[in-house]
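Here is the structure we will look at, set down as structure tokens.
The values are calculated or read from the model by the stated rules, or taken from the named source; none is laboratory data. Note that this is a predicted model, so its numbers are computed, not measured. We place every Cβ from the backbone using ideal geometry, glycine too, and count neighbours over all the protein chains shown. Side chains are part of the model used for accessible areas, which takes the heavy atoms of the whole protein and leaves out ligands, DNA and RNA. Shrake-Rupley method; radii C 1.70, N 1.55, O 1.52, S 1.80 Å.
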Amino acid sequence: MTYSLPIETDRLTLRRYLESDYDDLLKLQSNDDVSRFLLYPSRTPEQVRESLAVRLADVPMDADGQALTVAVILRETGQHVGEVTLFVHSAEHRTGEIGFVFHPDFHGRGFAAEASVELLRLGFEELGMHRIIGRLDHRNTGSANLLKRLGMRQEAHFVRNEFLKGEWTDELVFALLADEWSERGK
């Protein structure tokens, strides 16, 4: 499957990661406020180097378990504000998952929504996905509200189904189908 990067929006550039993004990725992944609701704790500099290496790799997005993570850059200043990820859950069933992580300094400005819309477009229109989900810790109300604004509907609330960072947490699952995506602008 093919997809085109970079993607330009009015305010953002979504592009592949570069080696020079290490410091920005370190600021993001070593921040306790950022990692609070993520599956991993704040990362060490060496863990961030490993994470960046994964992000630098070419990903064809044609097999289960693959993920494309792109840097989100503020066009006006060139600042790295966060990242968005599209995962392939099942190539056979054409299902994926969207994720987003933004530095707290850039919360509340609509950047995550602007970038996520483009990743949904890439998933549905370029990669031909049938269904894309978003999963999150139920306490992450900001991200849940973002998924709703993107047109995703809540399909599940799993009670204490994951043991993360020393506690049982609830998980919410939101979803959007390709035909719902194509109808949203009409």
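Please report, largest first and rounded to whole Å, the three semi-axes of the ellipsoid equivalent to segment 10-84, where each semi-axis is the square root of five times an eigenvalue of the C-alpha gyration tensor.
Taking √(5λ) for each eigenvalue gives 18, 18, 12 Å, largest first.
Give me the dipole magnitude in Debye, nearest 20, for segment 115-154 about the Cα centre, with unit charges on the beta carbon: positive for Lys and Arg, negative for Asp and Glu.
260
Using the Cα atoms of segment 129-185, I'd like the radius of gyration and the largest Cα-Cα distance, Dmax, both in angstrom.
Expressed in Å, the Cα Rg and Dmax of segment 129-185 come to 12.7, 43.
Let a ≥ b ≥ c be the square roots of the eigenvalues of the Cα gyration tensor of segment 50-126; is it rounded (a/c under 1.5), or, if not, prolate (a/b larger than b/c) or oblate?
It is prolate, given that a/c is not under 1.5 and a/b is the larger ratio.
Counting only protein chains, not ligands or nucleic acids, how are Glu76, Glu97, Glu125 ordered by accessible area (probe 1.4 Å), most first?
Glu76, Glu125, Glu97
Work out the length of the dipole vector of the chain about its Cα centre, built from +1 on the beta-carbon of each Lys and Arg and -1 on the beta-carbon of each Asp and Glu, and round it to the nearest 20 debye. Please list the in-between numbers first.
Details: 22 positive and 31 negative charges, 88 e Å.
Charge dipole, the chain, about its Cα centre: 420 debye, nearest 20.
Net charge within 14 Å of Trp168 by Cβ-Cβ distance, Lys/Arg positive one each and Asp/Glu negative one each, not counting Trp168 itself?
-2
Take the Cα atoms of the chain, build their convex hull, and give its volume per residue in Å³.
120
Between His138 and Gln47, 0.36 nm times their residue separation minus their Cα-Cα distance comes to what?
30.1 nm
Could you compute how much accessible surface Trp181 exposes when probed at 1.4 Å, giving the result in Å² to the nearest 10?
20
Summing Lys, Arg as +1 and Asp, Glu as -1, what charge do residues with Cβ under 13 Å from the Cβ of Gly110 carry, Gly110 excluded?
Summing Lys/Arg as +1 and Asp/Glu as -1 gives 0.
Report the net charge of residues surrounding Gly142, where surrounding means a beta-carbon distance below 12 angstrom and charges are Lys +1, Arg +1, Asp -1, Glu -1.
Surrounding charge for Gly142 is +2.
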